[in-house]
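Readers should treat all values here as calculations from the given coordinates under stated rules, not as data from a laboratory. The structure presented is a predicted model; accordingly, all values stated were derived computationally and were not measured. All Cβ positions, glycine included, derive from the backbone under ideal geometry; neighbour counts span all protein chains shown.
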2 protein chains.
Amino acid sequence: MSLTARERILTAADELFYGDGIATTGVDAVVDRAGVALGSVYNNFGGKDGLVEAYLRRRDHLWRALWERVAADAATPRERVLSVFDALLEWCRDQAADQGCAQVAGLLQLPAGHPAVAVARTHKEHLMRRLTELAAGLTGVREVAEDVAILYEGVLVRMLLGSPPEEAIPRARKMAETVIAARSGTSAP
Amino acid sequence: MSLTARERILTAADELFYGDGIATTGVDAVVDRAGVALGSVYNNFGGKDGLVEAYLRRRDHLWRALWERVAADAATPRERVLSVFDALLEWCRDQAADQGCAQVAGLLQLPAGHPAVAVARTHKEHLMRRLTELAAGLTGVREVAEDVAILYEGVLVRMLLGSPPEEAIPRARKMAETVIAARSGTSAP
DNA sequence: CACCAAGTAGAACCGTGGTTCTAGTCCTAC
DNA sequence: GTAGGACTAGAACCACGGTTCTACTTGGTG
């Protein structure tokens with residue numbers, strides 16, 4: 001066997017959970033696509049809840065790594081905050097992103113007490129913290145982070161609604177530039 | 001009886017579907033909260049699918065009406081596009097909006113063929129069309145509409161993630177102002 | 001070799017939740 | 001008054017999906 005059952009399950013779950021929704025896709029569908037025994041899901045993840053949590057946690061890790069890698073190329077604070085849009089664009093070149101943010105989707109379709117909602121919340125808290133850190137040096141650090149967060153979430157929803165990434169993401173990035181410039185007093189008193 | 005069963009069901013469904021999620025809340029829960037017989041749901045809506053569709057359709061109507069009413073008070077094209085943020089803020093004064101946009105939530109948790117997803121898609125298409133109409137007269141009508149849409153969706157997600165409406169909505173509105181001003185070449189007052 | 005962990009195949013269980021049906025009540029309109 | 005439509009109460013049905021269990025195979029390791 002080339003890949004371990006756990007990884008096969010995780011990739012299958014990612015495709016199905018993200019593409020068709022979490023509640024909509026049953027464990028059987030994941031098992032079928034992964035070409036794996038039903039028991040392997042329960043051996044590795046303890047149940048569907050555990051699988052969903054692992055699904056969001058994996059995406060969380062991937063995104064954090066991507067953010068870090070892309071931000072490392074940025075020289076100025078301004079470019080650093082803006083790099084989240086570059087990261088998003090890079091993600092879209094490889095993966096499907098036509099369902100928006102998986103973490104937000106998880107928050108919306110999972111019941112309040114579900115173990116995976118904590119993962120999603122933490123993911124977004126991390127994004128805010130990271131944006132604040134990246135913006136260090138700009139005027140109005142906290143404000144810039146909040147602004148960029150709105151634009152970031154907004155463009156993801158617009159992509160869910162059919163906007164092409166190559167158009168929407170640069171648009172959001174440009175808005176962020178404009179807003180940052182206006183805040184730092186570059187063009188306005 | 002003060003209210004008809006259909007209306008009781010719709011208000012109960014609205015609270016539960018929006019607050020707890022659509023897939024999560026069963027027909028029984030709606031029936032219990034509405035204080036209504038189970039059969040009334042099937043008499044009036046034909047089933048859960050019909051109820052979900054009616055739920056989104058009702059919200060669609062409410063939002064369209066609110067947008068129109070608030071936009072009517074605006075004098076300039078610039079104020080007209082920005083009025084969607086005023087409408088959103090007004091909505092938040094009366095209703096809970098801590099779960100973001102119900103239409104987006106519907107898109108994310110309903111299967112592809114569900115009758116309600118068409119309602120949600122139409123709702124968002126209408127928003128885009130309306131934004132374009134409201135922006136008529138500004139430089140870059142289509143671009144302004146796209147920009148405002150991103151900000152609008154973004155602030156709704158940020159509210160879902162815990163941002164207080166009284167803070168996030170004016171922030172998004174301010175960004176829209178800045179972006180519009182930058183696009184039309186005039187510096188902000 | 002023997003062992004053990006990981007994986008497989010398939011059946012079976014069972015709670016949840018959407019749906020249907022029946023019998024009866026209440027109000028309205030003709 | 002009576003016929004009809006809306007609504008109620010509650011039982012019953014039924015399918016789907018998450019979960020468990022057993023028996024078997026496989027591959028690596030001491």
Distance in Å, no decimals, from the C-alpha centre of segment B:55-83 to the one of segment B:33-51 is 30
Taking Lys and Arg as +1 and Asp and Glu as -1, residues besides A:Gly106 with C-beta under 11 Å from its C-beta add up to +2
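Are there DSSP H segments in chain A that both extend 24 Å or more along their axis (alpha-carbon positions) and score a mean Kyte-Doolittle hydropathy of at least -1.0? List them, or say none. Mind showing how you got there, number by number?
Details: long enough: A:48-72 (36 Å, -0.65); A:77-94 (27 Å, -0.22); A:115-134 (29 Å, -0.34); A:141-160 (29 Å, 0.89); A:165-183 (26 Å, -0.41).
Result, helices passing both filters: A:48-72, A:77-94, A:115-134, A:141-160, A:165-183.
Nothing charged except the Cβ atoms of Lys and Arg (+1) and of Asp and Glu (-1): what's the magnitude of the dipole of the protein assembly as shown about its Cα centre? Round to the nearest 20 debye. Provide the component values of the computation, followed by the final result.
Numbers: 44 positive and 50 negative charges, 60 e Å.
Dipole about the Cα centre, nearest 20: 300 debye.
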With one decimal in nm and the nearest listed first, the spacings from B:Pro111 to its own position in the other copies, using label points 7 Å along Cα-to-Cβ, are 2.1
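Total Lys pairs in the protein assembly as shown closer than 24 Å by alpha-carbon, pairs eight or more apart in sequence or interchain only? Don't skip to the end; give the middle numbers.
On the way: A:Lys48/A:Lys124; A:Lys124/A:Lys174; A:Lys124/B:Lys174; A:Lys174/B:Lys124; A:Lys174/B:Lys174; B:Lys48/B:Lys124; B:Lys124/B:Lys174.
The result is 7.
Counting other beta carbons within 10 Å of each Cβ, put B:Val117, A:Val52, B:Val81 in order, fewest first. Let's see the in-between values first.
Details: B:Val117 20, A:Val52 23, B:Val81 29.
The most exposed by this proxy come first: B:Val117, A:Val52, B:Val81.
Order these by the 10 Å Cβ neighbour count, fewest first: B:Glu167, A:Glu53. If you can, show how the numbers build up before the last one.
Details: B:Glu167 12, A:Glu53 22.
Least to most surrounded, the residues fall as B:Glu167, A:Glu53.
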Pseudo-spin-label distance B:Glu7 to B:Arg129, built 7 Å along Cα→Cβ, given in nm, is 2.9
Out of B:Val81, B:Ala12, B:Gly47 - ranked by how far each Cα lies towards the positive end of the dipole of the protein assembly as shown, with unit charges on the beta-carbon of charged residues - the top one is B:Val81
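Under a point-charge model restricted to the Cβ atoms of Lys and Arg (+1) and Asp and Glu (-1), what is the dipole moment magnitude of segment A:1-46 relative to its Cα centre, in debye to the nearest 20?
Working: 3 positive and 6 negative charges, 32 e Å.
I would put it at about 160 debye.
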Expected response for nearest chain B Cβ to the B-A rotation axis, distance in whole Å, is B:Gly154, 1
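If you place +1 on the Cβ of every Lys and Arg and -1 on the Cβ of every Asp and Glu, how big does the dipole about the Cα centre of chain B come out, in debye to the nearest 20?
Details: 22 positive and 25 negative charges, 72 e Å.
The calculated dipole for chain B is roughly 340 debye.
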If labels are modelled 7 Å from Cα along the Cβ direction, B:Gly50 lies from its partners in the other copies at nm distances, smallest first, of 4.3
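Using the beta-carbon distance between B:Ala74 and A:Ser40 and R0 = 51 Å, what value does 1/(1 + (r/R0)^6) give for FRET efficiency, to the nearest 0.05?
Details: r = 59 Å, r/R0 = 1.16.
Using R0 = 51 Å, I get an efficiency of 0.30.
Starting from the eigenvalues of the Cα gyration tensor, five times each then square-rooted, give me the equivalent ellipsoid semi-axes of chain B, largest first, whole Å. Don't skip to the answer; put the middle values down first.
On the way: eigenvalues 244, 48, 43 Å².
They are 35, 15, 15 Å, listed from largest to smallest.
Taking the Cβ of A:Glu133 as the centre, find all other residues whose Cβ is under 12 Å away and add up their charges (Lys, Arg: +1; Asp, Glu: -1). Walk me through the numbers before you get to the answer.
Values: positive: A:Arg80, A:Arg129, A:Arg130, A:Arg142; negative: A:Glu68.
My count for the surroundings of A:Glu133 gives +3.
Sum -39500 (n - 2.57) across every DSSP H segment of at least 4 residues in the protein assembly as shown, then divide by the residue count to get the 222 nm mean residue ellipticity, nearest 500. Don't skip to the end; give the middle numbers.
Details: 18 runs with 285 residues, N = 378.
After summing the helix terms and dividing by the residues of the protein assembly as shown, the value is -25000 deg cm²/dmol.
Per residue of A:108-117, what is the mean number of Cβ atoms on other protein chains within 10 angstrom of that residue's Cβ? Don't skip to the answer; put the middle values down first.
Numbers: counts 14, 8, 4, 5, 4, 0, 1, 0, 0, 0.
Taking the mean over all residues of the peptide, I get 4.
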homo-copy label distances at B:Gln95 (7 angstrom along Cα-Cβ), nm, one dp, ascending, are 3.3
Given 37 °C, 0.692 mPa s and a Kirkwood radius over Cα pairs, the Stokes-Einstein diffusion coefficient of segment A:80-189 in µm²/s is 222
Among B:Ala118, B:Ala97, B:Ala72, the residue with the largest mean-square fluctuation in a Gaussian network model of chain B built from Cα contacts under 10 Å is B:Ala72
Here, the protein assembly as shown modelled as identical Cα point scatterers in vacuum has Debye log10 I(q)/I(0) at q = 0.08, 0.09, 0.13, 0.15 Å⁻¹ of -0.44, -0.55, -1.10, -1.37
